[in-house]
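Following: one structure in structure tokens, then a few remarks.
Readers should treat all values here as calculations from the given coordinates under stated rules, not as data from a laboratory. Everything numeric in this text was worked out from a predicted model, so none of it was measured. Here the Cβ is made from the backbone with ideal geometry for all residues, glycine too, and neighbour counts use every protein chain on show.
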């Protein structure tokens, strides 16, 4: 089989640095940054920079020239301005929980950590907003707002660790995004700095913003347009009650069709998640959530609101799910049992670490009515590539998270894992979906971007980046593939007869 272009094979696009080049450049950069930062806030020895060599996509690693950890905005601005003057790439980093390689360092660049920007500046219960620095953990916002009966709705599985700045970069979602929306629906304002070190603000705390409203551009831009230092988020009231349903199905197709049936019936659950049999077995052994281990798939559906609203919606959901073929229902009787149901879904990723030395978590999105079809396709791919795959995903909005199990110490398994992942992404596109939902493109999905978008569309993306970053120093080599990469990837697809859209000149 022909290998896909590995996400970090950039040597074919730019000449890689020699060891001598790297040492000389590091000495120059460290000398320029040393006067700007306290000694403990500039790391450049290899043993100190190793913890920053990757994010949650651990298959690909690179050491940065240096890691800067500014403690004030003045320091951050000065670091950016200096790197810009020297032509040094800058990769902003939050908690490093991203799963697409968005925070993978540049070999001749500086990793800019926002870890010290971790203060909650203001909670306003009247306007139901919070102003927080970019390095604040997602869960910390809800913890701080709880005394006012409020919380921050987007809840990625990594919420105990991931930062709001990283959420802005990836437009993160979570299990309750079906009803409450993604990051973009819950952020009013983002303040940050351009590549030149100039302060910039997007959005407004008011109902409108003067001039062009560019907030939607910066959210989901994966650190390529500006570095986020402060975010104003919406807070929502905690519901009076929440209850969850575990619905079992003896066939994944029935479970997939049940999702479409729920939405088609006009029901928008607070959360609607799906796990297949391998995943439920994995997580139940880890947290003992009480899942039906005989089911081919389970749906985890939640209703929240007043007790009366919840009771009525639970009844409607049970009726629809039963008509769709559910074989068993477990309905939470109290808050403790609801949290027990959710404990398995929340721990799906760490539980998977017990099944395999490594896994790669994919992130594509498809139309809800194609859920059953993609699950059948993924099962076929397991045979094709000789690797196991567990499926867990935000069923309500069609956002898939297949976890491909492999051993990173075996180059052939990594090779097959890359192929498997690309096949899932590009099959999703063929079914009318996209290559990403909430994890971003980073380096992981660069080649698959060649399949989804035409050269003209990719050039539009580059033009937008250059409007903010003319020198292309902010997180270079991510998200938007080069023409060379797409040409080579297109040739490979043609050789294998896999070009999804032969009528479109996408390469």
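So how far apart, in nm, are the two label points at residue 21 and residue 46 if each is 7 Å from Cα heading toward Cβ? Here the answer is 1.9 nm between the modelled labels. With an a/c value of 1.5 or above and a/b not larger than b/c for the gyration tensor axes a ≥ b ≥ c computed over the alpha-carbon atoms, the chain is described as oblate.
Of interest is the spacing of the C-alpha centroids, which for region 157-231 and region 340-413 amounts to 28 Å.
Using only the alpha-carbon atoms, how far is helix 277-287 inclined from the longest principal axis of the chain? Give it as 0 to 90 degrees, nearest 10. Approximately 80 degrees, to the nearest ten.
Taking every pair of alpha-carbon atoms in region 120-237, give the share separated by more than 25 Å as a whole percent. The answer is 15 percent, as a whole percent.
If a/c stays under 1.5 just call it rounded; otherwise compare a/b with b/c (prolate if a/b is bigger, oblate if not). Do that for region 352-496, with a ≥ b ≥ c from the square roots of the Cα gyration tensor eigenvalues. It comes out prolate by the Cα gyration axes. In the chain, the DSSP-assigned H stretches of four residues or longer account for a calculated mean residue ellipticity at 222 nm of -11000 deg cm²/dmol, using -39500 (n - 2.57) per stretch and the full residue count as denominator.
Strictly greater than 15 Å: what percent of every Cα pair in region 19-113 meets that? Summing the P(r) of region 19-113 above 15 Å gives 55 percent of all pairs.
Ranked by the mean number of other Cβ atoms within 10 Å of their residues, highest first, the peptides 53-65, 88-100 come out as 88-100, 53-65. Listed from fewest to most Cβ neighbours within 10 Å, the set 180, 152 follows the order 180, 152. Of the beta bridges in the chain, as assigned by DSSP with both residues counted there, near 90 percent are antiparallel.
Once C-alpha pairs closer than 8 Å and six or more residues apart are averaged by separation and normalised to the residue number of the chain, the relative contact order reads 15 percent.
Peptides 281-287, 172-178, ordered by how many other C-beta atoms sit within 10 Å of their residues on average, highest first, read 172-178, 281-287. Checking the a/c ratio against 1.5 first, then a/b against b/c, what shape does the Cα gyration tensor give for region 241-348? Since a/c reaches 1.5 but b/c is at least a/b, the shape of region 241-348 is classed as oblate.
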